[in-house]
Structure formats: C-alpha cells, structure tokens
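No lab work stands behind these numbers, since they all come straight from the coordinates. Note that this is a predicted model, so its numbers are computed, not measured. Note that we place each Cβ from the backbone using ideal geometry, even for glycine, and neighbour counts take in every protein chain shown.
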Amino acid sequence: MYDKKIDEKWQKIWAEKNCFHAVNNSDKEKFYALIEFPYPSGAGLHVGHARAFMGMEVLCRKKRMEGKNVLFPIGFDAFGLPTENYAIKTGIHPRIVTDRNIAKFTEQLKSIGFSFDWDRVIDTTDPNYYKWTQWIFLKLFENGLAYKDKTYVNYCPQCRVILANEESQGGVCDRCDSQIVQKEKEVWMLKITDYADKLLEGLDEVNFPPRVRLEQENWIGRSYGAEIDFSLANKEDKLTVFTTRPDTLFGVTYMAIAPEHPLLEKYKDEIKNYDEILAYRNEAAKKSEFERVELSKNKTGVKVDGLEIVNPVNGKHVPLWVTDYVMMGYGTGAIMAVPAHDTRDFEFAKKFNIDMIQVVANSNGEEVSLEKEAYTDIEDGVIINSDFINGLSVKDAKAKMIDYLVQNNIGKQKKNYHMKDWAFARQRYWGEPVPIVKCEHCGLVPLKESDLPLTLPEVEDFVPGEDGESPLAKVESWVNTTCPKCGKPAKRETDTMPQWAGSSWYFLRYMDPNNNDAIASKEALNYWKNVDCYNGGMEHVTRHLIYSRFWHRFLYDIGVVPTKEPYQKRSTQGLILGPDGNKMSKSKGNVVNPDDIVKEYGADTLRTYILFIGDYGMAAPWSENGVKGAKKFLDRVMRIESLVTDEDCDSKELDKELNSVIKKVSQDYEDMKYNTAIAAMMSYVNVLYKQEKVSKKYVKPLLQILNPVAPHVTEELWQKLNIGGYIFESKWPEYDESKIVSDVIEIPVQINGTVRYRINVPSDSDEKEIEKVALETPALQNYMNGKEVKKVIVIKSKIVNIVIG
RNA sequence: GCGGGUAUGGUGGAAUUGGCAGACACGUCGGUCUUAGAAGCCGAUGCCGUGAGGCGUGAAGGUUCAAGUCCUUUUACCCGCACCA
C-alpha cells in the first residue's frame with residue numbers, strides 16, 4: 001500500500017542528492033521550463049497552483065531521463081497589495097509576513113514532490129533581486145521609455161492607488177472590484193506603445209495557443225487609417241482626426257470631439273455656450289465607465305456654438321459637437337462623423353437631426369435605405385457622391401484618398417493602437433522604490449548604478465495618504481537627499497513600481513540568481529537563451545505576458561539578452577472548479593486544500609488525480625471519488641510486486657502492449673495530454689493483472705514512464721524490485737515499432753453503415769483480398785440474402801462498408 | 001454589440017486525415033474471499049426492447065458509402081474586449 005511515509009523517504013533522498021539541480025556549464029542540451037511563480041498569499045498553496053505546475057513538472061522529469069540539462073526553477077512574486085493591506089490591518093511588517101508565507105509555500109511545494117531546483121529560488125522583494133528591477137528601470141529611463149506625465153489615470157479610491165489599463169479592465173479594480181475613476185495625476189509611464197509593432201511581430205516567431213495570440217493581438221489593437229487635418233473656419237487653427245475610413249471623407253456632416261478636448265479651453269471666449277459645454281463635461285466626468293457603456297445607446301452631446309469646421313476636400317462647413325462617445329484617450333480625441341456609414345454617428349445624427357450623405361453604395365451602384373441603420377456592410381461597396389474617388393472600390397478609394405491627402409499636405413497614413421502606455425506607479429510602501437531623484441536644478445535625475453539597490457526605508461505606518469500619496473512621502477530622512485548630478489539638496493521619488501515590475505524579467509534571473517554584477521552573466525544568458533515551455537493562466541495574457549515580452553524585447557534591443565522573445569512556447573491550464581462545479585472561492589466554501597489530499601492520500605495521489613481530471617487546458621470539477629480512484633490505481637501499481645517473477649514468461653501479446661504504452665505515453669506527455677497517458681497506463685496495468693506471473697522486463701519501463709506523474713511510488717517499487725540505482729538516473733525507455741504491429745488485424749465490416757461483424761485478415765492484405773474475405777463471410781450472408789450488393793468500400797486496415805439495396 | 005470557446009451515458013471524461021461513439025475512471029449491480037464487514041480480485045453496465053431489432057454526441061436541416069468530426073441555421077453556458085472612430 002502507498003502511504004505518506006513513502007513520500008517523506010524519497011523527498012529526503014532527492015534533497016540529499018540534490019538531483020534536480022541545473023548546472024550552468026554543461027555540454028548537454030538545455031531544457032528550460034517555466035511556471036508562473038506564485039504570489040505568496042496567506043491562504044497558502046491552492047490546487048490550481050498544483051495543476052499549473054504539474055504540466056511542466058511531468059515534462060521536466062521526462063526530459064531529465066532523456067538526458068537533457070533541465071532548468072525548472074521556482075520563486076516568489078512577493079510585492080503586492082494583499083500583504084501590504086494585511087500590514088496596515090495588523091501592523092506586522094510586510095517583510096515578516098512575506099517570509100512567513102514563503103516558508104509555508106516552500107513546505108507545501110516540497111510535500112508534493114515538485115522537482116524544482118531549490119538552489120535558484122528568487123524573491124522579488126529581496127534587495128539583491130530588486131536592485132536589478134531598478135537597473136532595468138534606469139535603462140528604460142535612459143532610452144526615453146520611462147517618462148513622467150500629467151494625465152488622466154485609472155484610480156481606485158478603495159485601494160488608493162493608480163492602476164494600469166491592464167489592471168482596470170471593464171472599469172473595475174483588479175484587486176478589490178470597486179469602480180475605478182479617472183483622476184488627473186502626474187505619474188511615471190512606460191512607453192509600451194513604442195513596442196506595439198514589435199510585440200505583434202514577435203508573435204510570429206513563437207508557439208502560442210491561438211486564443212492567447214488572438215487576445216494579445218486584440219489587446220494591442222492595431223488599426224490602419226489616416227490622420228486628417230480639418231481647419232477651423234476663419235481661424236488659422238486645425239482639428240486633427242484619426243479615421244480608418246478616409247474613403248468616406250465626402251460623407252462628413254459634422255465633427256465631434258471629446259468633452260476634455262483642449263480646443264474647447266482654447267476658444268472658450270468665442271464659444272457662446274461655453275457654460276453649457278462645461279456643465280456637460282462635468283456630467284460626463286461623473287459617469288463611471290460602466291454607465292458610459294450602459295447609456296451608450298442613448299447618445300448625448302452639445303453643439304459648439306461659435307466654431308465651424310471646414311472639410312479639406314470640398315471646403316464644406318460642418319458643425320462641431322461635443323460628445324462623450326468620443327474618447328480623449330483614443331486617437332486624437334476627435335472624429336469626423338459619417339452618419340451614413342457608422343453606427344454611432346448614425347444614432348447621434350438621428351437624435352440631433354443632422355444630415356447624412358451616403359458615399360458608399362451596393363456593388364450594383366444602388367443607394368440603400370438609411371431609415372433604420374447605417375450602411376456599414378460595405379465589403380464590396382462602390383464609392384458615390386465623392387468627386388475624384390467616385391466609382392472606386394472601398395479599398396482603392398482609401399488608397400487614392402490617402403495619396404491625395406499626402407500630396408496636398410492635409411493628412412497622412414497612420415497606424416493607431418488600442419493599447420495605451422503603461423501607468424507605472426503605485427502609491428504604496430510594499431513595492432520597488434523608483435530610483436529617481438527630483439532636483440530643482442537638474443529635473444528628474446537617475447541614481448547611479450553603483451547606488452543600487454535603493455532600499456525601502458522603515459516606516460511608522462503603511463497607510464497611504466488621503467489623496468493617494470505613497471507612505472514613503474512621510475519618511476523625510478529618506479525623501480531628502482542630494483542630487484546625483486549637481487550635489488544640491490533634492491527629493492526622492494516616493495511612488496513605488498507596480499506589482500508587475502518584478503515578474504517582467506524574473507525568468508532571466510533564474511539563469512544566474514546570485515550574480516552581483518549583472519541581471520545574469522553573458523554565459524548563462526547565452527546558454528539558457530529563453531524559456532522552452534511556459535505554462536500559466538489565461539488571466540495573464542493581457543497583463544504579465546504582454547509586460548514581460550515588452551521588457552525582454554527592450555533588453556534585446558539594448559544588447560542585454562540574446563533572443564527577441566522570452567518564451568518559445570506557451571501553454572495554459574484549465575481551472576479546477578469546486579465539487580459543486582463553481583469556481584473555488586472562500587465565500588462559496590468549496591475550496592479544496594492540497595495539504596489535506598497529500599496528508600490523507602499521499603502526494604502521488606494528488607499528482608495523478610490532478611492530471612487525470614480531464615484535458616489539461618479545460619476546466620474540470622473536483623471529485624473526492626476521483627481522488628480515491630487515483631489512489632486505487634497507485635495501490636494496484638504497488639501490488640504488481642506480487643506478480644513479478646524471475647522466470648521467463650515473455651509473450652508476443654505483452655510485448656505489443658508494452659511497446660504500445662511506451663509509445664503512447666511518450667507522445668502524450670509531449671502533447672500535454674496527461675489524462676490519456678494515465679488512462680493508457682491504467683489499461684496496461686489491467687493487462688498485467690490478467691497474467692499469472694509477470695517478468696520484470698514488463699514492469700521496469702512502466703515504472704519509468706509513470707515516474708513523472710508518480711515519482712514516489714515508482715522509486716519505491718523500483719527499489720523493492722531490486723532493479724538497481726534510482727529511476728531518476730535511469731534512461732527513458734525506447735519502444736520497438738516492429739513489436740507493435742501484428743501479423744493479423746481485425747477489421748469491422750459494416751452493412752449500410754452499421755457494424756455487423758469483424759473479420760481477421762493478414763495485416764498486409766490489399767483491398768481486393770479484404771473485400772473477398774468480407775463478402776464470403778458466412779455470418780454476413782443473412783444480411784445480403786436476396787439483396788443486390790451495390791458497392792463495397794474498403795479502407796485498408798480500417799473498415800469495410802458493404803452497400804446493399 | 002464584436003471576437004473566441006464549450007455542449008458526448010447516472011458522473012468526470014476518451015475518440016489521428018470523416019472510418020467500430022462512449023477508451024480510462026467514478027458510481028451502480030453481481031460474483032469471489034470472509035463467521036461478518038472492509039479492502040482486494042473477477043465480471044456486467046449508453047437508452048428503449050423478453051427478443052430480433054431500433055434509437056443515440058445541445059436542437060433542426062444538409063453533404064457523404066460513412067458525420068461527435070465537414071456545411072447551413074439555431075439554443076444554452078463560459079471567457080475576452082467593449083462607443084476602437
């Protein structure tokens with residue numbers, strides 16, 4: 001019987017032998033597998049972590065037996081709000097809480113038997129680690145990619161913190177679910193938009209699942225179009241808009257700008273209804289993101305009384321409107337409105353009785369009804385009412401119009417992105433300090449590299465200020481410093497970096513975790529290159545996965561790392577749901593604690609069950625009975641011992657079964673189809689149980705292929721059977737294809753598509769021979785009696801279908 | 001609104017290019033062992049039907065000798081984005 005003592009015995013031996021340690025100087029081929037390092041929360045390890053890590057765990061144990069030098073590291077992404085909030089509540093220093101939680105996680109991970117390289121553990125809150133996070137920030141600053149800007153940012157009033165776009169998706173705070181508001185604030189930003197094209201192109205050279213790729217593409221949201229300058233009537237000034245439809249320029253009947261557009265402020269003296277506009281802006285600012293979307297069907301706006309806009313292609317004057325369906329944050333904050341061919345402009349024009357001019361017609365040239373909706377379905381449309389582009393297809397008209405704009409100096413071709421720059425500042429204590437000093441004379445001055453790390457000072461309390469100031473601002477002895485450039489008194493930046501900073505490059509630090517001179521040595525970077533397989537959750541696709549690809553590509557551009565992309569292959573695991581089929585949550589009381597399973601059934605039971613639960617990429621509900629089934633299987637494996645004999649009892653059938661299961665399991669592991677791999681091993685064990693006695697040669701490879709899933713059980717049995725050495729040192733078994741094919745094969749025979757009988761034929765029979773055997777089979781004569789055989793379809797070694805009528 | 005995904009027995013889930021639907025496991029039932037029970041081992045188990053046979057992969061059509069798989073229409077649920085100009 002398998003029990004926990006076996007776990008403890010082998011975990012001790014593995015630790016003593018340090019057998020999962022990766023070496024940096026090796027002639028062996030490298031294999032670098034990465035799992036998203038956990039945030040060490042007080043709740044401890046979750047079964048979801050176990051599933052996420054097990055995928056890579058199995059691959060790594062297999063690759064080691066295949067002779068690869070495997071890097072499978074673990075660390076802790078330990079800066080973050082929950083620890084800080086706990087500190088605020090209890091007064092316990094985040095350092096203490098973090099250390100406590102990391103110790104707990106470490107113990108839990110070891111009890112499951114993960115084959116991590118425990119010599120390479122990293123902790124993002126360790127000054128020796130964040131020294132290099134700060135170093136990368138300085139490099140970004142040096143290259144103009146980190147800048148300070150007064151802008152509208154997402155602010156969570158509950159957490160009193162600024163959030164990046166990626167952290168406030170749907171207008172809701174990632175952490176606490178409260179509504180975020182727009183707040184004007186001067187903050188650090190990273191120019192990720194400069195890397196938008198590189199991030200898109202990089203997707204071509206990596207192997208990401210289609211939905212991961214698609215989500216990133218949508219998030220970056222590149223669109224092609226034109227920027228067009230409209231002039232203000234009787235003014236020197238111009239109003240620039242972005243459009244993806246320059247071909248509809250003759251269809252413009254009004255212009256619209258966002259309530260925050262600077263043009264309004266600039267011409268407030270000439271705008272007769274400025275008060276009305278101001279009131280509208282205040283109303284719009286009060287609406288939450290949610291309300292804006294909810295109310296989107298009912299368009300609102302105010303006509304600007306006193307300004308008119310001139311269409312640059314025909315000189316026509318059109319009115320200017322202010323409306324909150326135009327966003328300051330996208331494009332130029334202004335649009336040319338073509339109600340005939342845009343749903344939103346259409347709704348707006350209908351409501352405010354604005355003209356529409358149709359400029360795209362059906363392919364047959366007919367105009368369409370604009371009674372109920374805009375005509376946007378223009379795949380094969382033809383341009384009308386548009387002077388020099390009349391008669392052209394939409395595609396040709398776009399090109400010709402852009403040429404015209406460029407020639408007449410009134411516009412240009414333009415790419416636009418949905419992605420915005422990364423708000424890179426938190427007003428909190430438990431984060432990396434930004435290594436910048438504010439000097440009255442020199443401006444923003446970076447610290448010298450030799451002054452890193454800039455460590456966190458001790459503070460009296462961790463509560464952020466009322467208006468979202470960092471707690472660091474209260475530590476005067478730390479804030480007051482001297483300018484690294486001119487030596488005069490200066491102040492430190494008191495914002496800290498966001499939680500995503502440390503995780504944006506951690507995969508590099510694993511390569512050389514204790515290096516004091518660089519993020520990692522050149523030798524280590526050149527040997528390990530990048531991650532071969534990276535497994536993690538879908539929730540990080542538009543956050544961590546984008547951020548870290550950005551930083552890595554930047555480090556490549558400045559010559560620090562040897563590859564463009566950090567991860568060659570990405571995989572994702574599905575959620576483990578509670579036994580009730582709902583997402584596990586404390587409030588629902590359906591959380592399964594991995595410790596309980598390990599304690600009661602052993603680590604290998606947890607491992608086996610988690611992999612057998614279903615397709616690795618799909619969600620699956622937890623089942624206590626399923627856990628028992630996994631335990632039963634492992635006990636059955638242990639009891640094979642009683643069948644083993646030294647006598648020679650080989651058989652062709654067993655040879656076939658053995659070679660087949662080695663082949664299937666080896667391939668399934670590579671494809672991350674762990675559930676079917678385990679099913680195949682269960683079937684093989686069932687076959688062994690049908691034998692009176694089994695010679696060792698049928699058991700040894702089974703233990704090896706099962707080892708990545710159940711390392712404790714298989715090492716134990718390996719030792720009991722006196723095979724010699726340890727499994728983890730043994731070589732992955734090979735299979736003999738010739739033993740898998742048999743001389744005679746069984747082929748099902750269908751009559752009109754329904755299987756009626758199975759015939760046995762030599763495996764090398766051709767179609768004619770198979771057809772002959774099938775038609776002469778006595779058991780099938782009843783079906784064919786008196787009927788005409790219309791057709792016989794023979795698919796070699798697959799199936800026969802006799803069509804009668 | 002747009003984009004993506006999922007749907008298979010009582011349950012979790014299997015099914016290369018269209019080629020035996022339900023592998024494997026859970027559960028249930030039966031046998032064996034036992035004073036008895038538990039565990040173990042062996043067997044049965046999609047549905048209807050005594051049977052022959054018929055029906056079966058969310059629903060409705062279609063293509064095909066053959067459809068879970070391809071095409072059209074549609075329903076439910078899940079995920080992502082969301083006035084993207």
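Take the alpha carbon atoms of chain A, find their radius of gyration, then divide it by 2.2 N^0.38 Å using N residues; give the quotient. Present the calculation step by step, with values, prior to reporting the outcome.
Values: Rg = 33.6 Å, N = 805, 2.2 N^0.38 = 28.0 Å.
Working it through for chain A, the quotient is 1.20.
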Next item on the list: Working from Cα positions, state the angle (0 to 90°, nearest 10) between the long axis of helix A:394-407 and the longest principal axis of chain A.
Entry: 50 degrees
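Take every DSSP beta bridge with both residues inside chain A and express the antiparallel ones as a percent of the total, to the nearest 5.
Values: 68 of 91 bridges.
DSSP beta bridges in chain A are roughly 75 percent antiparallel.
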Checklist line | Nearby lysines by direct alpha-carbon distance to A:LYS351 (threshold 22 angstrom, same-chain neighbours under 8 apart not counted) | finding: A:LYS287, A:LYS297, A:LYS299, A:LYS303, A:LYS372
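If we sort A:458-470, A:132-144 on the protection proxy, mean other Cβ atoms within 10 Å, highest first, what's the order? Please list the in-between numbers first.
Numbers: A:458-470: 14.6, A:132-144: 19.0.
Put in order of decreasing packing, that is A:132-144, A:458-470.
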Note to self: Just to confirm my numbers, what's the Cα centroid distance between segment A:638-670 and segment A:233-267 in Å?
What the structure shows: 75 Å
Margin query: Test of understanding: ordering A:ARG549, A:ARG570, A:ARG211 by Cβ neighbours within 10 Å, fewest first, what list do you get?
Written below: A:ARG211, A:ARG570, A:ARG549
Item checked: Total formal charge among the other residues, if their Cβ is under 14 angstrom from that of A:ALA78, Lys/Arg +1 and Asp/Glu -1 -> -2
Check: What does the highest-first list of A:353-362, A:51-60 look like by mean Cβ count within 10 Å?
Finding: A:51-60, A:353-362
Note to self: Below 30 Å, Cα to Cα, which lysines can A:LYS798 reach? Residues fewer than 8 away in the same chain don't count.
What the structure shows: A:LYS652, A:LYS656, A:LYS663, A:LYS664, A:LYS673, A:LYS690, A:LYS739, A:LYS768, A:LYS772, A:LYS787, A:LYS790
Item checked: Between helix A:47-65 and chain A: long-axis angle, C-alpha atoms, 0 to 90°, nearest 10 -> 60 degrees
Margin query: Order these by the 10 Å Cβ neighbour count, fewest first: A:SER477, A:SER666.
Written below: A:SER477, A:SER666
Check: Hey, what number do you get for chain A at 222 nm if only DSSP H runs of n ≥ 4 count, each worth -39500 (n - 2.57), divided across all residues, to the nearest 500?
Finding: -10500 deg cm²/dmol
Next item on the list: Could you please rank A:TRP14, A:TRP422, placing first whichever residue has the fewest other Cβ atoms within 10 Å of its Cβ?
Entry: A:TRP14, A:TRP422
Notebook entry, point to check: Once you list every other residue whose beta carbon is under 13 Å from the beta carbon of A:PHE105, what net charge do they have if Lys and Arg are +1 and Asp and Glu are -1?
Noted result: -2
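Going down the list A:LYS4/A:LYS583; A:LYS28/A:LYS62; A:LYS17/A:LYS63; A:LYS9/A:LYS632, which pairs span over 23 Å between their C-alpha atoms?
Working: A:LYS4/A:LYS583 29 Å; A:LYS28/A:LYS62 15 Å; A:LYS17/A:LYS63 18 Å; A:LYS9/A:LYS632 21 Å.
Result: A:LYS4/A:LYS583 exceed 23 Å.
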Next item on the list: Compute the long axis of helix A:624-639 from its Cα atoms, compare it with the longest principal axis of the Cα atoms of chain A, and write down the angle in degrees, 0 to 90, nearest 10.
Entry: 40 degrees
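Based on the mean of other Cβ atoms within 10 Å per residue, sort peptides A:642-653, A:584-595, A:336-347 so the most packed one is first. Please list the in-between numbers first.
Working: A:642-653: 11.4, A:584-595: 14.1, A:336-347: 22.5.
In decreasing order of mean packing, A:642-653, A:584-595, A:336-347 become A:336-347, A:584-595, A:642-653.
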Notebook entry, point to check: For A:GLU657, what charge total do you get from the other residues with a beta carbon under 15 Å from its beta carbon, if Lys and Arg give +1 and Asp and Glu give -1?
Noted result: +3
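Given segment A:716-805, report the % of alpha carbon pairs whose separation exceeds 15 Å.
Working: 2632 of 4005 pairs.
For segment A:716-805, the share of Cα pairs beyond 15 Å comes to 66 percent.
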Check: Under 15 Å Cα-Cα from A:LYS198, which aspartates and glutamates qualify once same-chain neighbours fewer than 8 residues away are excluded?
Finding: A:GLU217, A:ASP421, A:ASP557, A:GLU565
Note to self: Which one, A:VAL406, A:TYR254, A:SER730, is farthest towards the positive end of the dipole of chain A when Lys and Arg carry +1 and Asp and Glu -1 on their Cβ?
What the structure shows: A:SER730
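Between A:LYS89 and A:ASP461, what is 0.36 nm times their sequence separation minus the Cα-Cα distance? Round to one decimal in nm. All intermediate terms of the calculation are to be shown ahead of the outcome.
Working: separation 372, 0.36 × 372 = 133.92 nm, distance 1.01 nm.
The A:LYS89-A:ASP461 span can extend by a further 132.9 nm.
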